[in-house]
Amino acid sequence: IGNLTNLTNLVLRSNKISQLPSTLGKLTNLKMLDLSRNKLEIIPDDVSKLPHLSTLNVSSNMLYTFPSMSQNTKLSILDLSGNQFEEFPDIYYPDLIHLAEVKLNGNKLKEIPPNVKELSSLKSLDLGDNNITTVPGELADISKLKGNNLTY
């Protein structure tokens, strides 16, 4: 797969993929990656080396950990719903100026870190169906936030 360097969209949803090749990081022109409805437990750090990635959907897998997305500065949509996250993923960086939609519903999150305020362009945050008991006041600091689902 690493030879497909001009690939911009990769859809592998609804398969039985349990592991991704490290050569995924060579797809430097990739803009959209859909790995939803598979059997993934880990997303390799190579995903953070995709400079043009704007949409990442890894919903409905078995993920419990996630690589830092600090270098994915073009990321605008991130769907992590329906996984096994107990801790908020490492996605809150001021450089993620395009990140407008984050879905983390259907996980096992216990808290929302105050650092989430760093996502200044966030318009939609779905945290429904988790184990969250308190909402930090810093959530109000995200001025563009219009839709948030905190139902549990």
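The values are calculated or read from the model by the stated rules, or taken from the named source; none is laboratory data. This structure is a prediction, so every number in the text was calculated from the model and none was measured. Neighbour counts run over all protein chains shown; Cβ positions are idealised from the backbone, glycine included. Note: areas computed on protein heavy atoms with side chains; ligands, DNA, RNA excluded. Shrake-Rupley method; radii C 1.70, N 1.55, O 1.52, S 1.80 Å.
Of the listed requirements (1) of a type in the set (Asp, Glu); (2) open to solvent by less than 40 Å² (accessible area, probe 1.4 Å); (3) in a loop (DSSP other than H, G, I, E, B), residue 46 misses just one: (3). Look through segment 121-141, keep the residues that are β-branched (Val, Ile, Thr) and closer than 19 Å to residue 84 by Cα, and return whichever of them is farthest from the chain's Cα centre (by Cα). Once the filter is applied, the top-ranked residue is 133. Of all residues in segment 116-141, exactly one satisfies the criterion of being among the β-branched types (Val, Ile, Thr) and touching a Lys or Arg at 6+ places or on another chain (Cβ under 7 Å), namely 132. Summed over segment 49-75, the residues that are open to solvent by 30 Å² or more (accessible area, probe 1.4 Å) and assigned to a loop (DSSP other than H, G, I, E, B) give a count of 12.
Condition check ((1) more than 22 Å from residue 63 (Cα to Cα); (2) open to solvent by less than 30 Å² (accessible area, probe 1.4 Å); (3) at pLDDT 90 or above) across all residues:
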{"site": "109", "(1), (2), (3)": "no, yes, yes"}
{"site": "114", "(1), (2), (3)": "yes, no, yes"}
{"site": "122", "(1), (2), (3)": "yes, yes, yes"}
{"site": "126", "(1), (2), (3)": "no, no, yes"}
{"site": "129", "(1), (2), (3)": "no, no, yes"}
{"site": "138", "(1), (2), (3)": "yes, no, no"}
{"site": "143", "(1), (2), (3)": "yes, no, no"}
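Contact map, segment 61-75: first residue within 15 Å of residue 36 (Cα to Cα) and free of Cβ contacts under 8 Å to residues at least 60 places away in the same chain, second residue acidic (Asp, Glu) and surrounded by fewer than 18 Cβ atoms within 10 Å (Cβ to Cβ), Cβ cut-off under 6 Å, separation 6 or more or different chains; pairs are 62/41. When residue 107 is tested against (1) under 22 Å from residue 4 (Cβ atoms); (2) not in a helix (DSSP H, G or I), just one condition goes unmet, and that condition is (1). Only one of the numbered conditions (1) open to solvent by 80 Å² or more (accessible area, probe 1.4 Å); (2) within 24 Å of residue 84 (Cβ to Cβ); (3) more than 14 Å from the chain's Cα centre (by Cα) is not met by residue 21, and that is (1). Number of residues in segment 76-104 that are farther than 14 Å from residue 43 by Cβ, open to solvent by less than 10 Å² (accessible area, probe 1.4 Å) and not in a loop (DSSP other than H, G, I, E, B) equals 1. The numbered conditions (1) under 15 Å from residue 65 (Cα atoms); (2) open to solvent by less than 30 Å² (accessible area, probe 1.4 Å) are all true for residue 27 except (1).
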